[in-house]
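No value in this document is a laboratory result; all are computed from the given coordinates. Not measured: the values here are computed from a predicted model. All Cβ positions, glycine included, derive from the backbone under ideal geometry; neighbour counts span all protein chains shown.
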Amino acid sequence: MMRRGLLLILSSPSGAGKSTLARMLMAWDPTMRFSVSATTRAPRVGEVDGREYWFKARADFEAMVAAGQMLEHAEVFGNFYGSPRGPVEVAMAEGRDTLFDIDWQGGQQIRNSALGRDVVSVFILPPSIAELERRLRGRGQDSDEVIAGRMAKSQAEISHWAEYDYVLVNDDLDSTFKDLLTILQAERMQRDRQPGMADFVRGLNREFEGR
């Protein structure tokens with residue numbers, strides 16, 4: 001039976017493992033759609049429209065917002081970023097889930113959108129702040145100044161943990177991934193996400209009548 005796709009939101013402070021878990025989910029279920037954001041910033045060298053971002057003129061982006069075609073959006077350093085609604089609705093109708101790797105502000109907007117009832121939100125916490133910093137430094141990508149900024153931002157992000165449907169402490173990646181799969185598989189089986197179930201049960205009742 002065809003089910004209705006859901007919107008899976010993953011949020012966490014930087015370094016808690018959100019992006020790694022998102023990649024693991026996409027590998028586990030290749031039919032899952034990753035939400036590609038739209039932006040008004042110019043493409044960087046090597047970026048492809050529709051892969052890294054959907055690149056939009058500012059007027060076009062603002063028109064999409066005005067028409068309700070963005071599930072969430074924000075202005076960051078003078079450029080707009082947002083999640084287009086159309087591709088998500090297509091995936092839902094096809095029974096495919098859409099994965100969002102976004103912060104708490106974007107997640108809040110999506111939960112309050114017209115598709116909010118199909119949102120499943122998961123917040124990923126680190127086992128400790130010391131471990132969070134260790135992971136950020138272990139990447140070897142950021143300066144001390146950048147890491148300090150990420151750590152300062154983490155406290156504000158963690159303060160929104162209670163707004164999510166589920167909260168996982170990522171003290172072991174494989175174990176956390178298994179817990180995430182358990183959440184996803186249970187949510188997929190929710191009665192109201194299986195629109196064909198009513199017809200199936202009516203068919204069972206007709207079999208009773210024919211006995």
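When the trypsin sites (Lys or Arg not before Pro) in segment 44-82 are filtered for DSSP coil states and for at most 10 other beta-carbon atoms within 10 Å of their beta-carbon, the remaining sites are 44, 51.
Taking the Cα centre of the chain as reference, the dipole from Cβ charges on Lys and Arg (+1) and Asp and Glu (-1) amounts to some 420 debye.
A Gaussian network model of the chain, with springs between Cα atoms under 10 Å, assigns the largest mean-square fluctuation among 174, 199, 165 to 199.
State the answer as a single residue: which of 42, 159, 208 lies farthest towards the positive end of the charge dipole of the chain, with beta carbon charges of +1 for Lys and Arg and -1 for Asp and Glu, about the Cα centre. Toward the positive end, the furthest listed residue is 208. Summarising the strand pairing of the chain, around 30 percent of its internal DSSP beta bridges are antiparallel.
Dividing the summed -39500 (n - 2.57) terms of all DSSP H runs of n ≥ 4 by the residue count of the chain sets its mean residue ellipticity at 222 nm at -13000 deg cm²/dmol. Could you tell me whether segment 1-98 comes out rounded, prolate or oblate from its Cα gyration tensor? Rule is a ≥ b ≥ c as square roots of the eigenvalues, rounded for a/c under 1.5, then prolate if a/b exceeds b/c, otherwise oblate. Oblate is the answer for segment 1-98, as a/c is 1.5 or above yet b/c matches or exceeds a/b. Here residue 77 and residue 49 are evaluated by their C-beta separation; at R0 = 25 Å the FRET efficiency comes out at 0.75.
How many angstrom separate the Cα center of segment 1-54 from the Cα center of segment 123-150? What the calculation gives is 21 Å, centre to centre. Helices of the chain meeting both criteria, an alpha-carbon length of 20 angstrom or more along the long axis and an average Kyte-Doolittle score not below -1.0, with helices taken as full DSSP H segments, are 144-158, 173-188. Given +1 at the Cβ of Lys and Arg, -1 at the Cβ of Asp and Glu and no other charges, the dipole of segment 1-70 around its Cα centre is 160 debye to the nearest 20.
With the charge dipole of segment 76-211 set up from +1 on Lys and Arg Cβ and -1 on Asp and Glu Cβ about the Cα centre, the Cα lying farthest toward the positive end among the listed residues 194, 83, 104 is that of 194. Across the options 169, 115, 31, the greatest Cα extent toward the positive end of the charge dipole of segment 7-191 (unit charges at beta carbon of Lys, Arg, Asp, Glu) belongs to 31.
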